[in-house]
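The next block holds one structure in the form of structure tokens; read it before the comments.
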Amino acid sequence: MKNGSEIPVINISPLIDGSDEFAVASQIRAACIEHGFFYVSGHGVSECLQEKLELLSSAFFRLSVNEKMEISMDKGGKAWRGYFPVGDELTSGKPDQKEGIYFGTELSDNHPKVKARVPLHGKNLFPKKPRNLADVVLKYMDAVTKVGHAILRGIALSLELPINYFEATITKNPFILFRIFHYPIQEKNSNMWGVGEHTDYGLLTILKQDNVGGLQVKSKGNWIDAPPIKNTFICNIGDMLDRMSGGLYLSTPHRVLNTSGQDRLSFPFFFDPDFDSVVKPIGNMPIMSTATSKRWDKEDVYNFDGKYEDYVARKVARVFPSLFNKM
């Protein structure tokens with residue numbers, strides 16, 4: 001196992017203040033081609049807000065199972081929000097060794113997509129305890145949404161596109177999902193993964209880790225550790241950006257194994273295309289890779305035809321099949 005020091009740290013503050021976007025874009029291009037992963041610093045998200053999120057999340061997972069199940073996902077209906085216990089979420093048909101809470105963009109009952117009962121849209125389910133978790137989660141989501149737009153400006157430039165390419169085409173109203181995961185202590189000789197090998201569905205994942213570690217990235221055929229670095233997020237591209245770039249930027253498999261002897265928290269934030277957008281290849285970019293047999297799921301992202309909602313719904317159905325069938 002190699003160390004994740006190979007994965008670069010990129011200061012994205014120029015993408016936020018507009019000072020030197022092209023220099024950052026060149027670093028992003030190299031990282032996306034080489035690894036599909038990169039750390040970001042200079043993101044502007046308050047460390048105090050991050051610390052509150054960790055503390056309140058830890059307090060929630062210390063509650064009894066009965067208290068946590070008061071916001072169980074079956075109560076979220078089509079909105080696909082709420083808590084799930086260890087073993088309920090599947091990766092490649094195998095139960096993950098983690099529990100968590102699903103959140104998304106907060107929508108009122110009067111929102112057109114909620115009234116139309118569009119899957120994955122609606123109100124969040126927030127617990128009664130800890131009392132301030134809802135406020136902190138919503139503030140954090142707002143802050144990281146701004147980071148997502150900034151990073152995509154850099155990715156656009158890295159692909160020699162106009163800086164506002166994504167926002168003008170498929171992320172004017174990005175589809176946002178946010179999750180808080182707790183990985184209990186595992187035996188060091190355990191063959192059960194916190195999360196098994198997978199790629200992410202959409203455009204961009206922005207991950208906050210605690211200080212425990214356990215994330216592993218499959219870079220150039222080798223698994224490497226991606227340890228936490230203080231006040232950075234680790235970003236990776238998803239299947240839709242892989243598709244749009246014709247495989248120039250590959251969605252990279254990753255997994256989690258918590259053998260630290262400590263409980264682990266992680267906070268993945270998914271910045272994805274508008275739910276009802278048609279995700280097409282960019283301009284005349286050639287397909288660089290057709291090696292679908294090498295993908296963890298044998299999926300052919302280059303021949304996918306339809307709206308993003310079709311792709312993500314099919315994927316989600318495999319994660320919680322029993323819950324999805326009730327929707």
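Since every read-out is calculated from the coordinates, none of them should be taken as a lab result. These numbers come from a predicted model, not from an experiment. Backbone-built Cβ (ideal geometry, glycine too); neighbour counts: all protein chains shown.
When the chain is treated as a Gaussian network with alpha carbon springs shorter than 10 Å, the biggest mean-square fluctuation among Val301, Val65, Val316 belongs to Val65. In this simple spin-label approximation, Ala313 and Gln262 carry label points 7 Å from Cα along the Cα→Cβ vector, and these lie 4.3 nm apart. A Gaussian network model of the chain, with springs between Cα atoms under 10 Å, assigns the largest mean-square fluctuation among Asn284, Asn236, Asn11 to Asn284. Can you tell me how region 1-118 classifies by the Cα gyration tensor, rounded, prolate or oblate, using a/c under 1.5 as the rounded cut? The shape class here is prolate. Mean separation of Cα pairs under 8 Å and 6 or more residues apart, divided by the residue count, gives the chain a relative contact order of 21 percent.
Is region 12-62 best put as rounded, prolate or oblate by its Cα gyration tensor, with a ≥ b ≥ c the root eigenvalues, rounded for a/c under 1.5, and otherwise prolate when a/b is larger than b/c, oblate when not? Cα axes put region 12-62 in the oblate bin.
In terms of its C-alpha gyration tensor, region 82-191 comes out oblate, because a/c is 1.5 or above while a/b does not outweigh b/c.
Taken as entire DSSP H runs, the helices of the chain that both span 18 Å or more between Cα atoms along their own long axis and average -0.5 or more on the Kyte-Doolittle scale are 21-34, 47-61, 133-158.
Per residue of the chain, the DSSP helices (runs of n ≥ 4 H) give a summed -39500 (n - 2.57) that works out to -8500 deg cm²/dmol at 222 nm.
Across all Cα atoms of the chain, the radius of gyration (one decimal) and Dmax (whole number) stand at 18.7, 54 Å. Just to confirm the filter: which trypsin sites (Lys or Arg not before Pro) across region 84-190 are DSSP coil and have at most 15 other Cβ within 10 angstrom of their Cβ? Within region 84-190, the qualifying trypsin sites (Lys or Arg not before Pro) (loop, at most 15 other Cβ atoms within 10 Å) are Arg117, Lys128, Arg131, Lys172, Lys188. Towards the positive end of the charge dipole of the chain, with charges on Cβ (+1 Lys, Arg; -1 Asp, Glu), say which of Leu204, Pro112, Phe267 has the farthest Cα. So the residue we want is Pro112.
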